[in-house]
1. Beyond 19 Å, what percent of the Cα pairs of the stretch 113-169 remain?
2. Mind giving me the FRET efficiency for His314 and Asn233? R0 is 41 Å, r the Cβ-Cβ distance, nearest 0.05 is fine.
3. Relative to the longest principal axis of the chain, what angle (0 to 90°, nearest 10) does the C-alpha long axis of helix 298-317 take?
4. Given 10 Å bins starting at zero, what is the percent of C-alpha pairs of the stretch 159-203 in each, up to the one with the largest pair distance?
5. If you wrap a convex hull around the C-alpha atoms of the stretch 136-219 and split its volume per residue, what is the figure in Å³?
6. Just flag the trypsin sites (Lys or Arg not before Pro) in the stretch 53-103 sitting in loop per DSSP whose Cβ has no more than 15 other Cβ atoms within 10 Å.
7. Could you please state how large a percent of the accessible area of the stretch 85-134 is carbon and sulfur, counting protein chains only and using a 1.4 Å probe?
8. Using a 1.4 angstrom probe, figure out how much accessible area the chain has per residue, in square angstrom, rounded to the nearest whole.
Amino acid sequence: MKVNLSLNPTEEAQTLNLNQIFDLAIIGSGAAGYSAAIYARRYSLNTIVIGADHGGIITETNLVENYPGFKEISGQELMNRFKEHARRYEAKFLDDSIESISKEDKIYLLKSQGGKIIKAKSVILATGTKRRKLNALGEEKFRNKGVSYCAICDGAFYKDKVVGVVGGGDGAASSAVQLTQYASKVYMFVRSKLRAEPYWQNLLKKEDKIEILTGVEIAEIFGNDKVEGVKLNNGQIIGLNGLFIDIGSVPNSELAKQIGVETNEQGFIVVNKNMETNMPGVYAAGDVTDSLPRFKQVVVSAAQGAIAANSAYHFFKEERIK
Ligand SMILES: Cc1cc2nc3c(=O)[nH]c(=O)nc-3n(C[C@H](O)[C@H](O)[C@H](O)COP(=O)(O)OP(=O)(O)OC[C@H]3O[C@@H](n4cnc5c(N)ncnc54)[C@H](O)[C@@H]3O)c2cc1C
């Protein structure tokens, strides 16, 4: 296959012919989307990746230490490498956001914010999630400076430090337990009462390092350059080095709903083990899916992107579409 690594995004946009009907349109330019593009192109599917922002949510973290093959790499650099790898196989890219999706005969029509229409015979939805925000004072200011949304990812930076977890569900409980591996003390700030499953509640009880404060809300996150503590709505001040906000994430699944793709109660796209949705020719991969709800990681999204592309390939191979 001819390799072309020389195109920059502007040149790419200029050489993009949108009159054609693509075999596969991948919506989302994060780990799942890029990985799907690599595999799809190796299966010779004429593939376009449409992404609202390059690299997705992992670009928000400066240090990834658990992606195989890279002992330490920034999220941005890791995604640059994913994209470059997909470009090597001549996947097409469009930097734009898809606003609507419809189906005419057997063709999916994707309309972008920039007014483009992309036509494709199959679609992979790799649109990820957005974190549910606490909307507390100081949250934005201290983001990545002590405020984190991912204990699995950032917990190790808090060895022998005091941290807090906001939330009372399974996610928050699992984050608190996870953080005891590193931190000297873990506060849990729960707005009403603990909603975590009995399994998690038992684990929480066994951990001496964990102190659960119920019926409290974070009024303010304060510090100078980094988080130094929180002020609660009851006026209590608690000194902290880090605050993990774990009050759930919201899937970007509006497009899926538009075309009748099934989502679960929380809005995550329902997929089977082949990353197939309930609609023929529509696949989903990565954080936006209902698969592995407790384990949203780059390596998982990348694997699911590859599986989705493989399923799209079989969709064509079995000639269910002409
Ligand atoms: C702070 C933080 C640190 C993390 N650290 C780690 C770590 O160290 N290791 C690890 O393995 N995981 C980590 N994770 C988890 C990891 O980032 C995710 O699991 C993974 O990046 C998800 O990839 P994805 O492709 O499924 O979704 P995303 O990365 O969310 O990508 C989705 C993409 O789709 C785009 N999109 C959405 N809607 C549309 C639309 N309508 N049209 C076009 N594009 C659209 C978005 O703009 C985005 O680019 C971390 C997460 C966070 C929040």
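The values are calculated or read from the model by the stated rules, or taken from the named source; none is laboratory data. If you're wondering where the values come from, they're calculated on a predicted model, not measured in any experiment. Virtual Cβ from ideal backbone geometry, glycine too; neighbours counted across all protein chains shown. Side chains included, ligands, DNA and RNA excluded: accessible areas come from the protein's heavy atoms. Shrake-Rupley method; radii C 1.70, N 1.55, O 1.52, S 1.80 Å.
1. Cα-Cα pairs of the stretch 113-169 separated by over 19 Å account for 52 percent.
2. 0.15
3. With rounding to tens, the tilt is 20 degrees.
4. 32, 54, 14
5. 82 Å³
6. In loop regions of the stretch 53-103 (DSSP not H, G, I, E or B), the sparsely surrounded trypsin sites (Lys or Arg not before Pro) are Lys71.
7. Details: 1020 of 2420 Å².
Using a 1.4 Å probe with all protein chains present, the stretch 85-134 comes out at 42 percent carbon and sulfur.
8. Values: 15770 Å² over 322 residues.
The answer is 49 Å² per residue.
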